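The values are calculated or read from the model by the stated rules, or taken from the named source; none is laboratory data. This structure is a prediction, so every number in the text was calculated from the model and none was measured. No Cβ is skipped: glycine too gets one built from the backbone with ideal geometry, and neighbour counts run over all protein chains shown. The accessibility values were calculated without ligands, DNA or RNA, using every heavy atom of the protein model including side chains. Shrake-Rupley method; radii C 1.70, N 1.55, O 1.52, S 1.80 Å.
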Amino acid sequence: SQAYQAGRIFKGDVTFKPEKAIVDKVMTKLQFEDMSDLEKTYLNYLNTSGSDPVKWNLIEWIILQLATKINNERNQRAILGFTVAPEKGKAGETMFASTGVVHKLISLYEEKKFLPFTNEELADYSQEDIGDVLKLFAEQIADRRPDSTQFVIYVNARHRPWFSAWYKNTYGANTDYTGVLDVVPDYNIPIRWVPNMGNLKLIFATIPGNINLLENVPGEEYKMMFQRDLEEVIAYSYWKEGVGVAFAGVQKETLEDLQAADAMEQMVFMNWPAEALAADATTIAIDKTSGILFTTGENTKATAITDITGAKEGVIYRIECGSTTNATTIAKSGKFSELKSAWNPVKAGEYIKVYYRKTEDKFYEATRG
C-alpha cells in the first residue's frame with residue numbers, strides 16, 4: 001500500500017520459492033502357502049472352499065485385519081518415517097519406507113530454510129513445566145510474527161496428560177468453568193496433539209495446511225491384487241506416500257546467514273530437543289525417555305563414539321558436532337564398521353544419521369552433512 005497519487009505508480013513484488021514435494025513408492029506383499037491343513041482343524045466349519053487348498057474366505061478375513069495394520073504403520077511413518085533404500089532381495093524395515101513430518105522438518109533445517117529455537121529452556125519439558133515451555137515457545141513466535149494467532153502448535157500426544165495436570169495445577173478453579181483448553185494460555189494459539197511421536201519432546205508450529213501428507217491415489221494401499229500359483233496365493237498392493245511443506249522459509253547460503261535472519265522470514269517454527277552428550281562420552285545410552293537428536297560438546301581428549309546402547313530398529317539417530325574442541329568422532333570399525341566412511345567432523349553443525357540392525361548388531365549410515 002502507498003499514499004494516493006495519480007498515474008501509473010506501481011509498488012510491490014512477489015518472489016516464488018517453491019518447495020519440492022517428495023513421495024516414496026511403498027508396497028505390501030503377502031504369500032499364502034498351502035492351506036490344506038486348515039481342513040483338519042477346528043476352523044473347518046468356516047470352510048466354504050471345499051477341498052480347494054486355497055481358502056479364499058479366510059484370506060479375505062486376514063486381508064481385512066492386515067488393512068488395519070497397514071493403516072497404523074502408515075500413520076507411524078507419517079510422523080517418524082525416514083526413507084532408507086532397502087537391501088536388495090531382503091524385506092525392508094517398515095519405518096524406512098517413506099519420510100514423515102519430523103524428519104522432513106529436520107531436513108528443511110539442514111537445507112537452511114528455517115532456524116529452530118535452540119534455547120536450552122525450550123529443549124526439554126516435564127509435567128511440572130510443559131505449559132510454561134509452550135508459553136515461551138508461543139512468545140518466540142509472537143515476537144517474530146504479527147499473525148501468530150493464525151499458527152497452530154503441535155505437541156506429542158503422549159504428553160497431553162502432562163499439560164492437563166500443569167493447567168489444573170496452575171489455574172485451579174480459575175478457568176471460568178471451561179476446564180482445560182488445548183490453547184497456549186495468554187497467547188490464544190491452538191495446540192494440536194500429535195500421535196506416534198514416541199517419547200520425542202519436539203514442538204513445532206505453522207499455519208494450518210502448510211504441512212501436508214501426500215499420496216498419489218487415495219486408498220491405493222488397500223487395492224489388493226491377487227495371483228494364484230497352484231496351492232499358493234500372493235496378495236500385493238502399491239502406493240506412494242510422503243510429506244510436503246508448502247513454505248518453510250527463505251533459504252540461506254550458510255548457517256551464519258540463517259542465524260542472522262533470526263527466524264524472521266519463516267513459516268515453520270520448531271524447538272530443538274537434542275540431548276547434550278557429556279564430555280568425553282564414548283557411548284550414547286537410549287532409554288524410555290530418550291529422543292533421536294544428540295549433540296556432542298567439548299572434550300578433554302580425543303573421543304570416539306563406539307556404541308549406542310539400547311538402540312531400537314526402525315529409528316534414525318542424529319548425532320551433531322557441537323564443538324570442535326577434541327571433536328567427537330566415529331571410526332569405521334566395531335559396531336560402526338558398516339558406515340560409508342569414518343565420521344570426523346571439522347566444524348560445529350556437521351551431523352551423521354545412523355540406524356541399527358539387530359540381527360547383525362551393527363549401525364548403518366542413513367546420511368550425513
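How many residues, within the stretch 303-336, are closer than 20 Å to SER290 by Cα and in a strand (DSSP E or B)?
7
Let me spell it out: the conditions are (1) open to solvent by less than 70 Å² (accessible area, probe 1.4 Å); (2) more than 23 Å from ASN199 (Cα to Cα); (3) at pLDDT below 95; (4) of a type outside the set (Val, Ile, Thr), and ALA331 meets all of them except one. Which number is the exception?
If we test ALA331 against (1) open to solvent by less than 70 Å² (accessible area, probe 1.4 Å); (2) more than 23 Å from ASN199 (Cα to Cα); (3) at pLDDT below 95; (4) of a type outside the set (Val, Ile, Thr), just (3) comes out false.
I need a count of the residues in the stretch 199-218 that are of a type in the set (Gly, Ala, Ser) and open to solvent by 30 Å² or more (accessible area, probe 1.4 Å).
Going through the stretch 199-218, the residues of a type in the set (Gly, Ala, Ser) turn out to be 205, 209.
Checking which are open to solvent by 30 Å² or more (accessible area, probe 1.4 Å) leaves us with 209.
Matching residues across the stretch 199-218 total 1.
Can you name the residue in the stretch 54-85 that is assigned to a loop (DSSP other than H, G, I, E, B) and in contact with an Asp or Glu (Cβ under 8 Å, 6 or more places away or on another chain) and, of all such residues, is nearest to GLY242 (Cα to Cα)?
Filtering the stretch 54-85 for residues that are assigned to a loop (DSSP other than H, G, I, E, B) and in contact with an Asp or Glu (Cβ under 8 Å, 6 or more places away or on another chain), the one nearest to GLY242 (Cα to Cα) comes out as THR83.
Per-residue answers, yes or no, for (1) open to solvent by 40 Å² or more (accessible area, probe 1.4 Å); (2) on the phi > 0 side of the Ramachandran plot; (3) modelled with pLDDT under 95:
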position	(1), (2), (3)
GLU73	yes, no, no
ALA78	no, no, no
THR83	yes, no, no
LYS104	no, no, no
PRO116	no, no, no
SER148	no, no, yes
VAL155	no, no, no
ASN169	yes, no, yes
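Starting from residues that are within 15 Å of PRO345 (Cβ to Cβ) and open to solvent by less than 20 Å² (accessible area, probe 1.4 Å), keep the ones in the stretch 282-296 and report whichever is farthest from the chain's Cα centre (by Cα).
Taking the candidates together, the pick is THR296.
Every residue in the stretch 85-102 that is open to solvent by less than 60 Å² (accessible area, probe 1.4 Å) and closer than 21 Å to ILE352 by Cα, please.
Within the stretch 85-102, MET95, PHE96, ALA97, SER98, THR99, GLY100, VAL101, VAL102 meet the criteria.
What is the number of the single condition among (1) modelled with pLDDT under 85; (2) within 30 Å of GLU338 (Cα to Cα) that LYS40 does not meet?
(2)
How many residues are open to solvent by 80 Å² or more (accessible area, probe 1.4 Å), part of a loop (DSSP other than H, G, I, E, B) and aliphatic (A, V, I, L, M) when one looks only at the stretch 1-53?
Going through the stretch 1-53 one residue at a time, the tally reaches 2.
Write out, first by first residue and then by second, each pair whose Cβ atoms fall under 9 Å of each other, whose residues are 6+ apart or on separate chains, and whose first residue, in the stretch 188-207, is without any contact (Cβ under 8 Å) to a residue 40 or more places away in the chain while the second is assigned to a strand (DSSP E or B) and of a type outside the set (A, V, I, L, M).
Hits for this filter: TRP193/TYR154; TRP193/ASN156.
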